[in-house]
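Some notes on the structure that comes next.
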Amino acid sequence: MTGHAEFRRRARAWLAGNVPADGLPDPDTDHGFRAHREWERRLFDAGYSGLSWPVEYGGRGGDVLHEAIFAEEYERAAAPVRITRPAQRFLGPTLIHYGSAEQRRRWLPAMLRADDIWCQGFSEPDAGSDLAGLRTRARWDGTGFVVDGQKTWTTYGRFADRMFTLVRTGEPGGRHRGLSALVIDLRSPGVRVRPVRQLHGQTGFAEVFLDSVAVPAENLVGPRDEGWRVALTLLSFERGPDAGAPERTARRLAALAGDVLAADAAPGTVRELGDRYARLAALRAYVHRRVGSRLCGEPVGAQSSLVKLFSARLDADIVRLGVEVFGDERLAEGTPEFLDYWHSRAGSIYGGTAEIQRTVVADRILGLPR
Ligand SMILES: Cc1cc2nc3c(=O)[nH]c(=O)nc-3n(C[C@H](O)[C@H](O)[C@H](O)COP(=O)(O)OP(=O)(O)OC[C@H]3O[C@@H](n4cnc5c(N)ncnc54)[C@H](O)[C@@H]3O)c2cc1C
């Protein structure tokens with residue numbers, strides 16, 4: 001990989017010449033997903049996938065700063081949402097950490113090229129915040145596993161080829177024991193994927209029903225019955241610093257600021273805008289600090305919960321200010337603000353809800369009594 005400054009310059013130039021001017025169709029539609037897969041292949045061919053992954057698994061051998069620089073430039077260029085985001089941010093890194101050499105060779109290059117689309121199958125109808133309460137069971141039949149159960153809220157589940165799941169393999173006792181991480185091929189007999197229509201009308205989400213699905217032994221990731229450790233590692237990657245997030249927020253805020261100032265806003269509204277800009281500056285500084293810590297080899301840690309809380313609240317408050325100033329019509333269906341509104345609502349839920357993040361902060365950063 002080139003040095004960081006040169007890498008930023010090249011990435012910025014490539015994005016300026018290649019980001020589709022009119023965006024891509026919605027990835028939650030069949031034709032939109034195909035267009036996003038093609039876009040992912042272009043990114044891979046241009047060398048902008050798996051930036052910090054080992055070269056032998058299709059990565060570019062860079063570091064977390066290369067990742068962070070590209071994430072910033074990508075958002076500044078208003079480039080399309082990445083359908084390989086779960087794979088690149090947390091599923092692949094977990095496989096690099098816990099997978100065998102054979103598993104990494106088998107799965108990682110195809111994951112980066114978007115030949116295989118991966119999804120995360122953790123949540124169940126009765127297990128979200130309380131993930132260890134999951135009920136999907138994998139029985140050992142002497143040669144492999146047989147899986148029965150149901151997963152839900154599976155992002156890109158409708159289109160995915162493989163699902164990284166957490167299932168129960170041992171007897172309930174200690175609830176965090178007896179869980180295992182399994183990779184399930186979603187084309188296997190016994191898998192039924194049912195799209196979920198979300199409030200904004202899209203159907204990329206899915207429920208995944210598993211009915212006596214045979215999963216080979218070599219798809220077990222990490223030691224059997226010790227999947228909780230694998231899950232915690234995965235969640236720490238998922239909640240890790242996202243250097244693109246402040247730039248995404250900055251774009252939304254700049255759009256709102258333009259509209260507010262053009263509308264000759266009241267001084268109170270300008271003050272509220274200033275509040276959002278100050279919080280954005282704090283978020284950006286904190287994310288940079290977290291990226292610096294990762295670069296020095298420090299673990300992701302509980303601080304990522306702070307970033308997520310702060311970022312989700314700021315996004316929601318930007319949308320709220322727009323509605324206060326311009327009324328509900330700002331959220332008319334099909335407008336960018338309409339999608340921002342729903343995304344800002346989801347930000348306090350996915351990857352662990354705001355309440356759960358607050359508990360992590362109280363417990364592990366502030367040391368408050370349980
Ligand atoms: C956009 C989006 C994408 C997602 N993608 C995926 C995916 O790809 N794969 C996947 O596996 N899951 C995914 N999820 C699911 C997500 O992880 C869960 O929705 C989340 O963990 C919350 O679980 P739940 O929905 O079961 O809510 P619950 O856990 O039932 O929580 C309901 C409410 O109770 C509160 N609550 C629960 N327990 C506590 C507690 N101990 N203390 C205080 N308050 C509590 C919660 O904060 C929440 O407000 C996604 C969710 C969203 C919104």
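The values are calculated or read from the model by the stated rules, or taken from the named source; none is laboratory data. Remember, predicted model here, so these are calculated numbers, not experimental data. Here the Cβ positions follow ideal geometry from the backbone for every residue, glycine too, while neighbour counts run over all protein chains shown. All accessible areas refer to the heavy atoms of the entire protein, side chains included, with ligands and DNA or RNA removed. Shrake-Rupley method; radii C 1.70, N 1.55, O 1.52, S 1.80 Å.
Criterion applied to 5, 11 was being part of a helix (DSSP H, G or I) and open to solvent by 40 Å² or more (accessible area, probe 1.4 Å), and the one residue passing it is 5. Within the stretch 229-285, if we keep just the residues that are among the charged types (D, E, K, R) and not in a helix (DSSP H, G or I), the residue that is modelled with the highest pLDDT turns out to be 242.
In the stretch 14-29, of all residues being free of Cβ contacts under 8 Å to residues at least 40 places away in the same chain and either within 30 Å of residue 194 (Cα to Cα) or aliphatic (A, V, I, L, M) (or both), the one that is surrounded by the fewest Cβ atoms within 10 Å (Cβ to Cβ) corresponds to 21.
Within the stretch 54-72, is there a residue that is open to solvent by less than 50 Å² (accessible area, probe 1.4 Å), hydrophobic (A, V, I, L, M, F, W, C), on the phi < 0 side of the Ramachandran plot and under 15 Å from the mean Cα position of the chain (by Cα)? Checking the stretch 54-72: at least one residue is open to solvent by less than 50 Å² (accessible area, probe 1.4 Å), hydrophobic (A, V, I, L, M, F, W, C), on the phi < 0 side of the Ramachandran plot and under 15 Å from the mean Cα position of the chain (by Cα). Can you spot a residue in the stretch 308-321 that is modelled with pLDDT under 90 and either open to solvent by 50 Å² or more (accessible area, probe 1.4 Å) or not β-branched (Val, Ile, Thr) (or both)? The answer is yes; a qualifying residue exists. When you check residue 86 against the structure, is it out of contact with any Leu (no Cβ under 8 Å at 6 or more places or on another chain), free of Cβ contacts under 8 Å to residues at least 40 places away in the same chain and either in the same structural domain as residue 70 (by TED's automatic domain parsing) or within 16 Å of the ligand (Cβ to nearest atom) (or both), yes or no? Judged against the criteria, residue 86 is not a match. Residues that are among the small types (Gly, Ala, Ser) and either touching a helix residue (DSSP H, G or I) at 6+ places or on another chain (Cβ under 7 Å) or in contact (Cβ under 8 Å) with a residue 60 or more places away in the chain (or both) were ranked within the stretch 322-344; the one that is surrounded by the fewest Cβ atoms within 10 Å (Cβ to Cβ) is 332.
Let's see how each residue does on (1) among the basic types (Lys, Arg); (2) assigned to a strand (DSSP E or B):
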| site | (1), (2) |
| --- | --- |
| 89 | yes, no |
| 109 | no, no |
| 132 | no, no |
| 167 | no, yes |
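Of all residues in the stretch 102-113, one or more are more than 18 Å from residue 221 (Cα to Cα) and touching a residue at least 60 places away in the same chain (Cβ under 8 Å).
Against the definition (modelled with pLDDT under 90, open to solvent by less than 60 Å² (accessible area, probe 1.4 Å) and either aromatic (Phe, Trp, Tyr) or on the phi > 0 side of the Ramachandran plot (or both)), how does residue 347 come out, yes or no? No. Residues that are within 16 Å of the ligand (Cβ to nearest atom) and open to solvent by 30 Å² or more (accessible area, probe 1.4 Å) were ranked within the stretch 117-146; the one that is nearest to residue 33 (Cα to Cα) is 120.
For every residue, the table says whether it meets (1) under 20 Å from residue 194 (Cβ atoms); (2) not in a loop (DSSP other than H, G, I, E, B).
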| residue | (1), (2) |
| --- | --- |
| 96 | no, yes |
| 106 | no, yes |
| 116 | no, no |
| 119 | yes, yes |
| 138 | no, yes |
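Among residues of the stretch 205-230 that are under 10 Å from residue 147 (Cα atoms), those with a Cβ under 6 angstrom from a residue that is not in a strand (DSSP E or B) and not charged (D, E, K, R), sequence gap 6+ or separate chain, pair up as 211/190; 212/190; 213/188; 213/190. Taking the stretch 89-110 as the search range and keeping residues that are more than 15 Å from the ligand (Cβ to nearest atom) and open to solvent by less than 40 Å² (accessible area, probe 1.4 Å), which one is nearest to residue 251 (Cα to Cα)? This residue is 93. Tally up the residues in the stretch 183-236 that are open to solvent by less than 10 Å² (accessible area, probe 1.4 Å) and β-branched (Val, Ile, Thr), please. Number satisfying all stated conditions: 7.
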